[in-house]
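Inspection log for the structure reproduced underneath, given as structure tokens.
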Amino acid sequence: MDDAELQAWIEQVSLASFGRPFVHRARFNRRLTSTGGRYFMKSHDIEISWLQWETYGREETEKIIKHELCHYHLHLLKRGYKHRDPDFKTLLARVGGSRYCQSLPQARPKQAYKYKLVCADCRTEYLRKRKVDVRKYACGKCRGKLKSYPLDFTKPS
Ligand SMILES: [Zn+2]
Ligand SMILES: [Zn+2]
């Protein structure tokens, strides 16, 4: 799958599910990991996360495409194109789009880390899966003293 194929795919979904053409640009974004897709209000372009495609494949990615196309078409039609707008909700339900742009898991599952080491000097944080004897190791950046906290007891940063 490359950008040209993605473009053709989105054009086809647009006609089939919305009965309207997609006449702007679509591309994969290889660095986009927090959301499955994005719609750009200024350029009207759509970006799809490469990770979304790789992780979930065609069916789930098509739902993201429909979600972004809901933003796209409603915005161009000057209708309610934001998540909370009734127009958006109605259209999304009709075409079967994914409910959220954000459908990606964290690239690294947080549960895997059990300890957070914090440098007492420069405040750099390190995540570790196993308990580390902080008397034996120093901060990798400034050689300062490290403190270890079990992750369950720290506030999410
Ligand atoms: Zn959205
Ligand atoms: Zn440090």
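Key figures for this structure:
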| read-out | value |
| --- | --- |
| Close pairs (8 angstrom Cβ cut-off, 6 or more residues apart or separate chains): without any contact (Cβ under 8 Å) to a residue 24 or more places away in the chain in segment 113-142, open to solvent by 50 Å² or more (accessible area, probe 1.4 Å) and of a type in the set (Asp, Glu) anywhere | CYS139/ASP121; CYS142/ASP121 |
| Of all residues making up segment 5-38, the number that are within 19 Å of VAL95 (Cα to Cα) and charged (D, E, K, R) | 3 |
| Residue among ARG84, ARG20, ARG25 that alone is open to solvent by 70 Å² or more (accessible area, probe 1.4 Å) and in contact with a His (Cβ under 7 Å, 6 or more places away or on another chain) | ARG20 |
| Only listed residue being away from ligand 1 (no atom under 16 Å from the Cβ), assigned to a helix (DSSP H, G or I) and modelled with pLDDT of 90 or more, chosen from LEU51, LEU15, LEU69 | LEU15 |
| Unique residue being at pLDDT below 95 and either within 16 Å of ligand 2 (Cβ to nearest atom) or farther than 30 Å from LEU6 by Cβ (or both) when the list is ARG135, ARG108, ARG58 | ARG135 |
| Long-range neighbours under 8 Å by Cβ, at least six apart or interchain, first residue in the same structural domain as GLU11 (by TED's automatic domain parsing) and at negative phi within segment 72-90, second within 16 Å of ligand 2 (Cβ to nearest atom) and not aromatic (Phe, Trp, Tyr) | none |
| Residue that is modelled with pLDDT under 95 and either away from ligand 2 (no atom under 16 Å from the Cβ) or surrounded by 19 or more Cβ atoms within 10 Å (Cβ to Cβ) (or both), where the choices are LEU76, LEU32 | LEU32 |
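The values are calculated or read from the model by the stated rules, or taken from the named source; none is laboratory data. Just so it is clear, the structure is predicted and the values come from calculations on it, not from any experiment. Note that each Cβ is placed from the backbone with ideal geometry, even for glycine, and that neighbours are counted across all protein chains shown. Please note that ligands, DNA and RNA were not included when accessible areas were found on the heavy atoms of the full protein model with its side chains. Shrake-Rupley method; radii C 1.70, N 1.55, O 1.52, S 1.80 Å.
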